[in-house]
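> Below you'll find the structure I mean.
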Amino acid sequence: MNKKAQYLIEGITKDIVAYLMEDNDMDLSTAISLFHNSETFEKLSDEETGLYIESSAYVYEILKTELKMGKISS
């Protein structure tokens, strides 16, 4: 993975963990675990999806749908 993609993925991950903690009253380790074990994180980490160039808010909306529905809606 190139350094720019890795940097963007880390930034989005940081933001989403913060969103999870704030919106769901989670502690840090729970929020990190939830996101890192999600299909959304798997897609974010795959450079071919291009998801890493989207905004943190956009990726968070995808995660919220996954959490609500149990999967990413297409």
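The rows are residues; the columns are (1) modelled with pLDDT under 95; (2) of a type outside the set (Ser, Thr, Tyr); (3) open to solvent by less than 70 Å² (accessible area, probe 1.4 Å).
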{"residue": "LEU8", "(1), (2), (3)": "no, yes, yes"}
{"residue": "LEU28", "(1), (2), (3)": "no, yes, no"}
{"residue": "SER38", "(1), (2), (3)": "no, no, yes"}
{"residue": "LYS71", "(1), (2), (3)": "yes, yes, no"}
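> Within segment 46-68, track down each residue that is of a type in the set (S, T, N, Q) and within 13 Å of GLY11 (Cβ to Cβ).
Within segment 46-68, SER55, SER56 meet the criteria.
> Assigned to a helix (DSSP H, G or I) and either in contact (Cβ under 8 Å) with a residue 60 or more places away in the chain or open to solvent by less than 40 Å² (accessible area, probe 1.4 Å) (or both): does that describe ILE32?
No; evaluated as a whole, the condition is false for this residue.
> Would you check which residues across segment 10-26 are loosely packed, with under 13 Cβ neighbours inside 10 Å and assigned to a loop (DSSP other than H, G, I, E, B) and list them?
Residue satisfying the conditions is ASP25 alone.
> While we're here: State which residue is least open to solvent (accessible area, probe 1.4 Å) when the search covers only segment 40-69 and only residues that are among the charged types (D, E, K, R) and over 19 Å from ALA5 (Cα atoms).
GLU66
The values are calculated or read from the model by the stated rules, or taken from the named source; none is laboratory data. Please read all numbers here as calculations on a predicted model, not as lab measurements. Cβ: placed from backbone, ideal geometry, glycine included. Neighbour counts: every protein chain shown. For accessibility, only protein heavy atoms count, side chains too; no ligands or nucleic acids. Shrake-Rupley method; radii C 1.70, N 1.55, O 1.52, S 1.80 Å.
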